[in-house]
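The values are calculated or read from the model by the stated rules, or taken from the named source; none is laboratory data. A quick note: this is a predicted structure, and the numbers were derived from the prediction, not measured. Positions of Cβ are backbone-derived with ideal geometry, glycine not excepted, and every protein chain shown enters the neighbour counts. What goes into the accessible areas is simple: the full protein's heavy atoms, side chains included, and nothing from ligands, DNA or RNA. Shrake-Rupley method; radii C 1.70, N 1.55, O 1.52, S 1.80 Å.
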Number of protein chains: 2
Amino acid sequence: MPFGYVGRILRVNLSDEHIVTETPEDTFYRRYIGGEGFVAYYLLKELKPRVDPLGPENKLIFAAGPVTGAPIPGGGRNSVGAKSPLTGGFGEAEVGGHWGAELKKAGFDAVIVEGRAESPVYLALRDGEAEIRDAEHLWGLDTGESQKMIREELGDDLIRVAQIGLGGENLVRYACVIVDLKDAAGRTGMGAVMGSKNLKAIAVRGHGRVEVADPDKLRSLSKWFVQNFKNLARSLHEYGTGAGMEGGAASGNLPTRNFRDGLFEGARLIQAEAIKETVRVGMEGCYACPIRCKKVVKINEGRWNVDPIYGGPEYEALAALGSDCGVDDLKAICKANELCNRYSIDVISAGASIAFAMECYENGILTRRETGGLDLRFGNAEAVVQMVEMIAKRRGLGDILAEGVKRAAEKIGKGAEKYAVHVKGQEVPMHDPRLKRALGLGYAVSPTGADHMHNLHDMGIAGRGSQLRDLASLGILEPIPLEDLGPRKVRALIYFVNWRVLDNCLLICDFVPWDYVKKTEIVRAVTGWNTTAYELTKVGERVTTMARAFNIREGFRKDDDWLPERFFHPQTSGPLSETSVDPERLREARRFYYQMMGWDENGVPTRAKLEELDIGWVADLLEK
Amino acid sequence: MPFGYVGRILRVNLSDEHIVTETPEDTFYRRYIGGEGFVAYYLLKELKPRVDPLGPENKLIFAAGPVTGAPIPGGGRNSVGAKSPLTGGFGEAEVGGHWGAELKKAGFDAVIVEGRAESPVYLALRDGEAEIRDAEHLWGLDTGESQKMIREELGDDLIRVAQIGLGGENLVRYACVIVDLKDAAGRTGMGAVMGSKNLKAIAVRGHGRVEVADPDKLRSLSKWFVQNFKNLARSLHEYGTGAGMEGGAASGNLPTRNFRDGLFEGARLIQAEAIKETVRVGMEGCYACPIRCKKVVKINEGRWNVDPIYGGPEYEALAALGSDCGVDDLKAICKANELCNRYSIDVISAGASIAFAMECYENGILTRRETGGLDLRFGNAEAVVQMVEMIAKRRGLGDILAEGVKRAAEKIGKGAEKYAVHVKGQEVPMHDPRLKRALGLGYAVSPTGADHMHNLHDMGIAGRGSQLRDLASLGILEPIPLEDLGPRKVRALIYFVNWRVLDNCLLICDFVPWDYVKKTEIVRAVTGWNTTAYELTKVGERVTTMARAFNIREGFRKDDDWLPERFFHPQTSGPLSETSVDPERLREARRFYYQMMGWDENGVPTRAKLEELDIGWVADLLEK
C-alpha cells in the first residue's frame, strides 16, 4: 500500500433517516486531507448550484483531519462547513476543544448531514455507531442545559457535544456551532444551517485510538513542544488571547465604534491582563495541548452573572462586544460573550451588528422607536447585552440584526448601508486593514467573506520576528513594510494563507507555534505519507481554489472581492487618522492576487490552474 | 544571523586581468542557490542583450552549489554556463567528478570569467588565490597532455583540471568542457565559449573544508545511503549507464540511424553489459559517491587504441555514436568517445551531427565529394571515428558539422533540413519523444534546446515504480500512461523539472537516488537554512523562468518551442512504426505548459509570476 491513511466518513440523511458509512481511498485523503478540504470537496461535488442555504438541499459537514485526535499539541480541532446563509457562498469555520478528537476516536473522519428532520433530532455517534435521536425536549434549551440532558440520557458524562442554542434554532444568519459549551465554529452561520435541519446536536463518544504511522517521531515532536511551549507561546499560556490590547489600540488596530474611531481609551480595562486580575477563575485547553489558552471567567454579582461553564471571552469577543461597541465594561462583555455561547451566535458578527446599529442610532437612522426604547448609543453596555438576547430570540430590532449588517442595512434603508462593515455579507473581524494592508486584501478575496482565520496579519512580517523566520521556510526572505500592498505583500499573503487553509484541512491549531518544517514532519509521522511541504502547500492552494470555484458557481463576481467603504477613509482619531486603504492600490493588489493564483482577470480559476492543482473535474463543473 | 550560508565568488576579467572576489549576502544564496541558478542570475543581470556568444562580452560561469564538496554522495558536481554559441540562448551544462568539490575546498563557490585573453591562458586557483597563467604551450594539446603538463608545472598531482581540447579551441559550436579528462559539461557548447576566451583550463586545488551546519544529520544521511545504495542503484553500480539497451531498443527508445528507424539490431553488442565483459578495466566515481558508475575502458589492439585516462562511454555516447549512426562496433564507439573527451566535444551533438550527415549522404544530399571520399553510410564505424577527428579539427565536412546540424543543414541546403534533428539548434539526445511524450514537450520548451538533463522520462511515472513513489511527495499521486500528453502529464513534467533544475543549482546528482524528502534534509543539514521542499521547488521554478526570460530577451519566440519534423512521423520499423507525436496535442500541451508556468500565450513570463517568484527585477528587464 503506497499511502498509509484510511478512514471512514459518515453520511446521515435526516429526511429519510438513511445512514451510510463511506471509506474513500487514501489518495482522496491525500488530495483533500480533511476539514476545509472535505467541505470544499463535498459542497462542490454534491450541492446543486444556488440551493437555499437554509433548505434541505444544503449539506452540513463536520470534518476532522488526519492530525485530529493524534497525541500532538494543536491537533484537537474540527471544521464545520456548508453553503453559508450569511454570505450565500462558501461557508466554513473551525473550532477547538475535544469534539474533533472524540469523533476520530469514535471511528469517523467526517459527518455529512443531509436533508432536514421533520422535528428536532440529535445525532449520537458512539464507537462507530450512529443514531438519530429525538430532540423535541431539547429544542429551545440553552446549550448548557442541552448538553447536560444529552449526557444524562446517554448515561455518559464524557460525551462531547457540538450543538446549537436559540440562535441556531431561530436561524440567526450568523449562528455558530458551539462545542463543549465554550468553543465556537463561529463564522458564516453554520449554526443556522444546523437549525434549518432541525438538528440540535451531535454527541460523540469513542474509545478507539487514532492510528499513527510513526509514533516515535510524533512522541519526539510532542516532547520538543512540551519542553519549549512556555517560551514559544508564553503570552497565550499566561493570558490567552486578548493580551496587550492597549498596544493594539495605540497602533490603531483595535476596532472602535464600528471601525469609525481610532484609539479606544478603555482598552486597558478589557484586555486579558485585566481579566486575569478580576474575573478569571481558570484556564482550560484543547485536546492534547499544554498551552491551555482558554480563559474561564465567573461572575456572581447580580447584574452580570456569568456561568463559568461557558468559558470566557477571546480577543474577538472583547473587541467586537467591547471596543467596537464603545464598551469598556468588562463584566458586561463577559456576559454578552456568555450569552453568545449559550445561544450559539457568533461573537464577531453579533458585536459588529450591534455596533452597526449603534452608529445608525447615533446618526438618527434608527430611533428609540425601532430599538424598542433602548438608548443604543456607543458605550451602552447594558444595551449590548440586551441586544444579544434580542438577536438570539429575534425580538424587535434583534430580528433585523439577526440577518447580519448587509441585509439589515437593506431593510433599514436611509443610507444605513454606509455603516455596514462587511465583505460578501460577513461582518469584518477585529483587525483593521487600514493598519494591515495584506489583511484587507485577504478580507476582500476570502471565499468566506471577511475572515481573519485565513489571513496574513502584516505585522508578523514587517520586522524580523518569528513569523518572518517561519515564512523564510517558504521563501519569504525579507521583511515587508506594513504599508506595502505591492506584489511582494500579495505573494506573502498567498504563501501564508495556503498554509492557514492547510491548517484548516489538517486541523492543526494556528496558535500552536509549529513551524512549517515541523508541521510537515507531523503530517508525515501521523499519516505515513512521504509528503513534503510542497505537496502540502499545494493542498492549501487547491482548497482555496475549490472554495473560489464554489463561489463562482454561486454567482460571486469580481466586485464581491472588495472592502467596505469605511476602510477607504481614515479613522476619526488616533494613529490611523491620516491614512486609509487606497482603492487603486487595492485594485492593483487584487489584480496581482488573481494572476498569482492562476485566475483570470475576473477572478475565475483557469482550467490550466485547476489541472495543475490536480482538480480538472472542477474545471468541468465551472464550464457546465 | 538568520541564514547560515556564506561564500565567495571569483570574478576574473581576462581582457584586463582584473581579479576580484565578491561575497554576496546569504539571501542571494538562498534565492539562487548556486549552479544553474547563478548562471541564470549573472547572464540576465550582466550580459547585454544579443551579444556574440563567442565574443568577449559573453561571460562564462563555473558554479558549484551549496552541497558541492560536502561529504554526501551525489554532491560532486558543478555547472558551467554562458550564452550558448550553439543555440544563441541560455547555455548551461553540469558535470560530475571532483573539480566542483575542489573549487569549494579552494574557497570559491563560483568563477565568472569575463572578456578575452590576448593569447592562450589558464587559471590556477589554489586555496583562495587566483592566478592567470600563460597557456601558449598548452594550446593545441589533447586534454590528457594538457592536464599532465599543468600538474607538472604547478607541482601538484592532485590538481583538478576543467579544460578544453582542440574542439573548444576550434570553436566547435558544441565543444564541451572536460573535467578530470573523462567527465563533460557536455551540452550547449560551453567549451567553445572557453575557447573563444583563449582560456585553455581552470586548474583548482584546495585544502579547506566545506562547512556543514549539521554534520551529525549529514552523517546519518550518508550512512543511510551507504547502507542502501546497492539496492537503490544496483545497475548503475554494476554497469554504469547504458545497461539494458536491448530493452530500450525493443521499446523503440534507442535512437537508430538519426532517429529514422526503429529497433536497432545491434543493441546487445554495444550495451554496458557487453562493455563489462569486453573492454572495461574498471569503474570510477565522483567525489564522495560510493556508486562509482563511471566505466573505464582500455583497448590496445592497433586499430582502435583507447587510452583509459579518458574513461569510457556513457549511454548517450553509446547511442549517439553507436545506434544513431547505425554502428554496432563497440570498440569504434569507445574510440570515438575517447576522441570526444580528448578534443572536448559533446558526444551527443557529435554523434547526432554525424548521423545527420549520414542520412544526407544516403539520400544523395551529400556525396563522396563533400565527405572527402568517406563512404558516409549508416553503420560505417570507421567513418564515425574519422568524422569525430574532422569535426574537432574542422577539416573538410567536419568544419560544416562543427556548426551543429541546424547551421550545417542551412549550409548544405538541398532539403538537408528535414534530417536536422534539433530543438533551438541543439541536437536531440538519445531519448525518443515518440515513446516519451512529456520528454518531447520538455525538449520543445527547455531553455537550452533539446536536453535530457532537465526533463521527465515518462516511463518513470507510467507505472507504480520508484519514480512515481518519489513524485508522490510532490503530489503526483497516480500513474500516468506513456501515451498521455494531457494536462496531467504536463503537470508532472513541470513538477519534476523544477527539481531537476534545482538539482542543477544545488548540484546534486540525479543518479543518486535521494528522494525529495531526503534532498530537502540534505540542504537543511548543509546550509543551516530551515528550508522546505516548497521553497526549494520554487527555486527550480524561479531558475527555469529566469532562463526563459533570458531567451525571450535574446529573441526566442513561441515557434522556437517546437519539435523537429522527424518526431511527427513514425519510425520506419519496430514498435513505434505506427505512432508519432501529434502536433495538435503537442500544441495543446505547450499551451497548458505556458499557463501552468504562469506565462502568457506567447510563452512570456508575466510580471505577476515573476513577482510571485520573488524576481520582480526580471520583469523590469523584460519590459525594457
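Here are the numbers for the structure shown:
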{"read-out": "Nearby lysines by direct alpha-carbon distance to B:Lys295 (threshold 24 angstrom, same-chain neighbours under 8 apart not counted)", "value": "B:Lys148, B:Lys182, B:Lys230, B:Lys276, B:Lys331, B:Lys335"}
{"read-out": "Electrostatic dipole magnitude of region A:509-564 [Cβ: Lys, Arg +1; Asp, Glu -1; Cα centre; debye, to 20]", "value": "180"}
{"read-out": "Kirkwood hydrodynamic radius of region B:545-609, from inverse mean 1/r over distinct Cα pairs, in Å", "value": "13.4"}
{"read-out": "Region B:89-230: Cα Rg divided by the 2.2 N^0.38 Å rule of thumb", "value": "1.14"}
{"read-out": "Charge dipole of the protein assembly as shown about the Cα centre (unit charges at C-beta), most positive-ward option of A:Ala82, A:His457, B:Val226", "value": "B:Val226"}
{"read-out": "Calculated from backbone phi, Karplus (6.51, -1.76, 1.60) coupling profile of region A:337-349 in Hz, x at Gly/Pro", "value": "5, 4, 4, 4, 6, 5, 9, 6, 10, 5, 4, 5, 5"}
{"read-out": "Extension reserve of the A:Thr27-A:Lys411 stretch, reckoned as 0.36 nm per residue once the Cα distance is removed", "value": "133.5 nm"}
{"read-out": "Estimated dipole of chain A in Debye, rounded to 20 [Cβ of Lys and Arg +1, of Asp and Glu -1, Cα centre]", "value": "600"}
{"read-out": "Heavy-atom accessible surface of region A:251-427: percent carbon and sulfur, 1.4 Å", "value": "45"}
{"read-out": "Relative frequency of Cα-Cα separations exceeding 21 Å in region A:251-427, percent", "value": "45"}
{"read-out": "Pair A:Glu483, B:Thr579: separation of 7 Å Cα→Cβ label points (nm)", "value": "6.2"}
{"read-out": "Per residue, the convex hull volume that the Cα atoms of the protein assembly as shown enclose (Å³)", "value": "160"}
{"read-out": "J(HN,Hα) series, region A:128-145, from Karplus relation 6.51 cos²θ - 1.76 cosθ + 1.60, nearest Hz, glycine and proline x", "value": "x, 9, 10, 9, 8, 10, 4, 10, 3, 6, 9, 4, x, 7, 4, 4, x, 5"}
{"read-out": "Viscosity 1.306 mPa s, 10 °C: Kirkwood-radius Stokes-Einstein D of region A:202-327 over Cα pairs, µm²/s", "value": "94"}
{"read-out": "Label-point gap, in nm, between B:Glu238 and B:Asp52 - each point 7 angstrom along Cα→Cβ", "value": "5.3"}
{"read-out": "Cα centroid separation, region A:459-536 to region A:85-141 (Å)", "value": "31"}
{"read-out": "Order by protection proxy (mean Cβ within 10 Å, highest first), peptides A:602-612, B:429-439, A:13-23", "value": "B:429-439, A:602-612, A:13-23"}
{"read-out": "Whole-number accessible area per residue in Å² for chain A, which is evaluated in the context of all protein chains at 1.4 Å", "value": "31"}
{"read-out": "Residues along region B:465-481 losing 30 Å² or more of accessible surface when the other protein chains are present rather than the chain by itself (probe 1.4 Å)", "value": "B:Ala472, B:Ser473, B:Leu474, B:Leu477, B:Glu478"}
{"read-out": "Derived scalar couplings ³J(HN,Hα) [region A:372-387; Karplus, 6.51 cos²θ - 1.76 cosθ + 1.60; whole Hz; x for Gly, Pro]", "value": "x, x, 5, 7, 7, 7, 3, x, 7, 4, 4, 5, 4, 4, 5, 5"}
{"read-out": "Compactness index (Cα Rg / 2.2 N^0.38 Å), chain A", "value": "0.88"}
{"read-out": "Relative contact order [Cα under 8 Å, 6+ residues apart], chain B, whole percent", "value": "15"}
{"read-out": "Distance violations [Cα-Cα > 32 Å] among B:Lys519/B:Lys558; B:Lys59/B:Lys519; A:Lys609/B:Lys59; A:Lys83/A:Lys105", "value": "B:Lys519/B:Lys558; A:Lys609/B:Lys59"}
{"read-out": "Local electrostatic count at A:Thr23 - Lys and Arg +1, Asp and Glu -1, tallied over other residues with Cβ under 15 Å", "value": "-1"}
{"read-out": "Summed buried accessible surface, chains B and A, 1.4 Å probe, nearest 100 Å²", "value": "3500"}
{"read-out": "Binned Cα-Cα distances of region A:9-205, short to long, each 10 Å bin given as a whole percent", "value": "10, 41, 39, 9, 0"}
{"read-out": "Restricting region A:53-145 to GluC sites (Glu not before Pro) in coil, as DSSP defines it, with at most 13 other Cβ within 10 Å", "value": "A:Glu118, A:Glu136"}
{"read-out": "Label-point separation, A:Gln227 to B:His569 (7 Å along Cα→Cβ), nm", "value": "6.9"}
{"read-out": "Of all DSSP beta bridges in the protein assembly as shown, antiparallel share, percent nearest 5", "value": "80"}
{"read-out": "Rel. contact order, % - alpha carbon contacts under 8 angstrom, at least six apart, region B:315-433", "value": "28"}
{"read-out": "At most 10 other Cβ within 10 Å, DSSP loop - GluC sites (Glu not before Pro), region A:513-603", "value": "A:Glu578, A:Glu601"}
{"read-out": "At 0.692 mPa s and 37 °C, Stokes diffusion of region B:491-624 via Kirkwood alpha-carbon radius, µm² per second", "value": "193"}
{"read-out": "Which of A:Cys334, A:Cys286 is most accessible, then next, and so on - probe 1.4 Å", "value": "A:Cys286, A:Cys334"}
